[in-house]
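Undergrad: After the structure tokens below, expect a handful of questions from me.
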Amino acid sequence: MQYQYITYEQLGPVTRICHNRPEKSNSQNLGLLKELDHAVTRAGADKDVRVVIIGGKGKHFSAGHDLQENAGGSDSADQDMSPESWEAYETEYYMDYCMRIYDLPKPTIAQVQGACVAGAFMVANMCDLLVASEDAFFADPVVHMVATTGAEVMIAPWVLGFRKAKEMLFTGERISARDGLMAGMVNRVVPREKLEEETLAMANRIAKAPPFAIKMTKKSLNRGLDMMGFRAFLQAHHHTHLLAHQSAETKRLFATLNPENVVQTAKDKQK
Ligand code: ZN
């Protein structure tokens with residue numbers, strides 16, 4: 001597959017996959033999501049790849065789903081989908097794509113600068129570890145924007161704790177890299193100019209470990225989360241999310257939505 005919306009770099013034992021639509025704040029159109037899924041699957045199958053970094057080229061990690069270009073899809077203003085099509089669309093492109101990142105049998109690191117909003121928040125937080133630059137901010141403003149229950153994959157309470165997740169979702173406000181660090185969502189905060197270097201150094205450190213031991217360690221830790229109800233919770237939330245999409249509130253807000261406004265909205269709501 002020739003990639004148009006992402007980059008795929010092999011850096012020794014580390015694969016770095018980046019959102020690459022900087023002129024659109026790296027917003028995720030359907031083409032980008034399909035390429036990202038392809039790249040993640042490819043890195044997972046490549047026996048020479050030990051660690052996968054997911055990042056974004058330019059100023060932002062990503063503003064989340066492209067509400068303008070995913071025309072006909074569930075997150076576009078001009079959609080007219082049946083609930084059946086809606087369920088199929090969001091299950092495949094949002095839920096299943098995210099779970100493939102989570103289930104990758106190799107360590108993954110999100111490398112985050114600038115905006116990491118909604119659909120991008122879920123992609124970044126599917127990764128095992130997260131390195132953020134000082135300018136990074138995290139937000140899920142879609143309760144306020146389009147009256148759904150936050151993004152499709154409700155990863156927030158698992159990475160932030162329920163208290164902080166409720167604050168983020170109820171207020172629509174952004175969380176800084178430092179707040180993310182304090183909550184345990186962010187592993188390290190580094191200066192913007194050091195982000196790529198520090199993330200790659202962490203990846204190379206992990207790449208030195210015996211790969212089967214790392215694979216089994218990840219399996220064991222993820223199984224622990226499953227025992228706490230992680231996967232069942234995400235699936236239940238996804239259906240609640242699909243229900244909320246059918247509300248009159250959602251339809252009214254989608255009709256007035258300015259799709260270019262997502263990053264700005266998250267910024268406006270900051271404290
Ligand atoms: Zn949705």
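The values are calculated or read from the model by the stated rules, or taken from the named source; none is laboratory data. Keep in mind it's a predicted model, so treat the numbers as computed, not measured. Note that each Cβ is placed from the backbone with ideal geometry, even for glycine, and that neighbours are counted across all protein chains shown. Ligands, DNA and RNA are excluded from the accessible area calculation, which covers all protein heavy atoms including side chains. Shrake-Rupley method; radii C 1.70, N 1.55, O 1.52, S 1.80 Å.
Undergrad: Evaluate the following for Met99: is it within 13 Å of the ligand (Cβ to nearest atom) and of a type outside the set (S, T, N, Q)?
TA: It is false that Met99 is within 13 Å of the ligand (Cβ to nearest atom) and of a type outside the set (S, T, N, Q).
Undergrad: While we're here: Could you please find all residues in the stretch 72-84 being at pLDDT 65 or above, over 12 Å from Ala255 (Cα atoms) and open to solvent by 40 Å² or more (accessible area, probe 1.4 Å)?
TA: Ser82, Pro83, Glu84
Undergrad: I'd like to know if the stretch 145-165 contains one or more residues that are within 16 Å of the ligand (Cβ to nearest atom), in a helix (DSSP H, G or I) and in contact (Cβ under 8 Å) with a residue 40 or more places away in the chain. Talk me through it step by step, then tell me what you get.
TA: Step one: filter the stretch 145-165 for residues within 16 Å of the ligand (Cβ to nearest atom), giving 145-156.
Those left that are additionally in a helix (DSSP H, G or I): 145-146, 156.
Restricting the remaining residues to those that are in contact (Cβ under 8 Å) with a residue 40 or more places away in the chain gives 145-146.
Scanning the stretch 145-165 turns up at least one residue that is within 16 Å of the ligand (Cβ to nearest atom), in a helix (DSSP H, G or I) and in contact (Cβ under 8 Å) with a residue 40 or more places away in the chain.
Undergrad: Where residues in the stretch 61-71 are within 14 Å of the ligand (Cβ to nearest atom) and modelled with pLDDT under 85, which of them is most open to solvent (accessible area, probe 1.4 Å)?
TA: Selected residue: Leu67.
Undergrad: Within the stretch 236-257, can you find the residues that are over 23 Å from Asp66 (Cβ atoms) and more than 14 Å from the ligand (Cβ to nearest atom)?
TA: Ala236, Ala248
Undergrad: Report, by residue number, each residue of the stretch 174-205 that is surrounded by 21 or more Cβ atoms within 10 Å (Cβ to Cβ), out of contact with any Phe, Trp or Tyr (no Cβ under 8 Å at 6 or more places or on another chain) and part of a loop (DSSP other than H, G, I, E, B).
TA: The one that is surrounded by 21 or more Cβ atoms within 10 Å (Cβ to Cβ), out of contact with any Phe, Trp or Tyr (no Cβ under 8 Å at 6 or more places or on another chain) and part of a loop (DSSP other than H, G, I, E, B): Val186.
Undergrad: Of the residues Ser133, Ser176, which is among the small types (Gly, Ala, Ser), farther than 24 Å from Gln235 by Cβ and in contact with a helix residue (DSSP H, G or I) (Cβ under 7 Å, 6 or more places away or on another chain)?
TA: Being among the small types (Gly, Ala, Ser), farther than 24 Å from Gln235 by Cβ and in contact with a helix residue (DSSP H, G or I) (Cβ under 7 Å, 6 or more places away or on another chain) holds for just one of Ser133, Ser176, which is Ser133.
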